[in-house]
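The values are calculated or read from the model by the stated rules, or taken from the named source; none is laboratory data. Note that the structure is predicted; figures quoted are calculated from it, not measured. Because the Cβ atoms are built from the backbone with ideal geometry, glycine has one as well, and the counts that use them run over all protein chains shown. We work out accessible area using only protein heavy atoms, side chains counted, and drop any ligands, DNA or RNA first. Shrake-Rupley method; radii C 1.70, N 1.55, O 1.52, S 1.80 Å.
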Amino acid sequence: ASRARPPPPSVRLIPFGQMSITEGARVVASTGGSGRDVWLIYVLMALHAVCYQLQTPLEPYLVDHVVGEKGPMATAMFARLQSFHHVAQLLGSLAFGTMLDRFGCRLGLLISYSSCALAFLLLANSTTLTVLFLSKIPGLLSHPFLCSQTAISQLTPDGPERVAAFGKLVTAYTLGGIIGPLAGGMLGGNGDYYRSARYAVVGSLIGVVGSWFLPKKMERNIVRASDALVDEAGRTADHTAATADKPETRSWKATASEILGLVGWLILLKLVINTASGMTQSAQAIVLKNELHLGQSDMGILMSIQFAFAAVVSGVILGPLTRALGGRARPVVMKCLPIIAVSYFIQAMLRSTSVGLLDGLSPLVQTYIFISVSMFIMIFAFSLGTSITAECTSIVPKEVKGTLLGMEHSMYAGSRILSPTMGISIMNATSSCALYSITASVYVAAFMVWASCSSRILPDKTSGEKDQKDSVELREGRS
């Protein structure tokens, strides 16, 4: 190998751990990143959320329209469509991460927004079931949020600034999620279920154009603040740049095996509860449409309210609630599981026609009660999920945390493959009361396993510094 040249006078050698946020920002800015680029990503993410959520309140009605009936066949087809979408997301997310490593997130955003535009174009012309299912295939390459997270990590320095930037990215999506269902319900209120998809095509093409203006150096080999360091052994900037592009010596399989060996049982717990909650979430639109007779416009308003409530929960309630529940994962999970189980049992009793707790109340009042219980469950479900994620990231080594979060993302998509079909099939075969009772039973079983095993498997944390680290990583996991 040729001998490394000494660094030019303009290169300042900074030992690891001694670079400030300001110095790191200068390194990032020198590679082409800027505050303008970060804000452009936020705006594009909010626009994507609007486009994606435009069709969400209308999809159950669109399936009824294409199938030609409102009975069990249409309901089952809606569940299959949701499962098919999550299959595409699962397969695509596994492959898309590798593509980002090779070609960079700028190209990834261009491909993602182009795929979104194609998906919405097919949806706008989905007069048959074949075209309706075809509209989900571009989801293999539609990952704007994943690409935006990668872009933010490249355009911001390590530390609190990057954590705050991830939080703003979630906020941008939430704001779009508030506007999208509300506008979609209004656009489809007259029975035209395709107009919102046409608007979404235009919005996605704007995303393509906006992504084009992001810096071309947003590639895998961009020099991040944490990479642009020369340690005290005397490595030069040229040596750092030369070694930055080398692939990891460990295979993905070996890394995944290590993660599963450390936190596999926590990931399994999250998979089980995600599948159970996914059954009820997929059935919610059917309950509102068929049992509570909610119209398209009201469905959109309701979904916007839920997005707004989710923003309040994640931004305001989550931190204080988690501390009140015990702070660490073991007590938080121990309290959240039974609370959620009891809430699902209450929802089951409220939806039971034989018990008749809501007999004599108008559909509007019943809707308010149904949504109120669902929002109460959401509060503790947020704390449950983020606490498990924070616990996982505190156990695994620092260098594999990205792989861990990628596995959780794929696991979430995987849990949504079967849960819509399972949930709606149970509801069609029995009733919504039975569905919520089964979901509650799953949480009871999870609580029993947790109560008997967590003290033996989950390591204690006694350091205050460790607890502070967990609170930061909880926000990273939620992002």
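When MET422, MET77, MET299 are compared by accessible surface with a 1.4 Å probe, the order from highest to lowest is MET422, MET77, MET299. What is the sum of charges around ASP192, taking Lys and Arg as +1, Asp and Glu as -1, for the other residues whose C-beta is under 15 Å from the C-beta of ASP192? Within the 15 Å Cβ shell, the charges total 0. Give the calculated FRET efficiency between LEU357 and LYS216 to the nearest 0.05, with a Förster radius of 51 Å applied to their Cβ-Cβ distance. Efficiency computed from Cβ-Cβ geometry: 0.25.
Gyration tensor analysis over the Cα atoms of the range 322-394 returns equivalent ellipsoid semi-axes of 32, 11, 8 Å (largest first, whole Å). Ordered by 1.4 Å accessible area with all protein chains kept, VAL449, VAL333 run largest first as VAL449, VAL333. Note on TRP39 and THR128: the model spin-label points, each 7 Å out from Cα along the C-beta direction, lie 4.9 nm apart.
If the chain linking SER452 and LEU321 were pulled fully straight, counting 0.36 nm for each residue of separation and taking away their Cα-Cα distance, it would gain 44.7 nm. Not counting ligands, DNA or RNA, and with a 1.4 Å probe, what is PHE213's accessible surface area in Å² rounded to the nearest 10? Rounded to the nearest 10, the figure is 130 Å². Summing charges over all other residues whose Cβ lies under 14 Å from the Cβ of LEU44, with Lys and Arg as +1 and Asp and Glu as -1, gives +2. Charge tally for LYS70 (other residues, Cβ to Cβ under 11 Å; Lys, Arg +1; Asp, Glu -1): -1.
Solvent-accessible area of ARG106, all protein chains in place: 30 Å² (probe radius 1.4 Å, heavy atoms, ligands and nucleic acids excluded). Label-to-label distance for MET73 and ILE305 is 3.4 nm, based on points extended 7 Å past Cα in the beta-carbon direction.
The accessible-area ordering, largest first, of the residues THR130, THR280 stands as THR130, THR280, per a 1.4 angstrom probe. When the C-alpha to C-alpha distance is required to be over 31 Å, the pairs from LYS70/LYS270; LYS216/LYS270; LYS168/LYS289; LYS136/LYS270 that qualify are LYS70/LYS270; LYS216/LYS270; LYS168/LYS289.
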